[in-house]
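See below for the structure under consideration.
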């Protein structure tokens, strides 16, 4: 049986506490509960949600900064939280785990870049 935290929208084993706020579960998870799946960057979110669409898995993608701030700072810097109904949670978790790295986040430190000094100050001609 999975417990559900209404405050954090997280599901967890009944023997545990909410991984976000530490409270015991409010109640048993219901099929229609919106459940937090993971937070990740734009690239991973797009890949996961494309597979969800192919498998008819309903979802909610919610940015942390909001559309206005993401436009100012740059969409690649935005982090998205993905939620799915509990009835799809196990299927969605399996898909996400097969796509996203183990830590669930893509960070610049995880990437290797070949730096080319000749491109450092290149600008496009008008």
>> If I ask for residues that are under 15 Å from the mean Cα position of the chain (by Cα), at pLDDT 90 or above and either more than 26 Å from residue 6 (Cβ to Cβ) or part of a strand (DSSP E or B) (or both), which ones from the range 54-90 would you list?
In response: 60, 61, 81, 82, 83, 84, 85
> When the range 30-46 is examined, which residues are found to be crowded, with 19+ Cβ neighbours inside 10 Å, at pLDDT 95 or above and either over 13 Å from residue 59 (Cβ atoms) or not assigned by TED's automatic domain parsing to the domain that holds residue 82 (or both)?
Replying inline: 33
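The values are calculated or read from the model by the stated rules, or taken from the named source; none is laboratory data. In this text, all values refer to a predicted model and were calculated from it rather than measured experimentally. For neighbour counting, all protein chains shown are included, and Cβ atoms are generated from backbone atoms with ideal geometry for every residue, glycine included.
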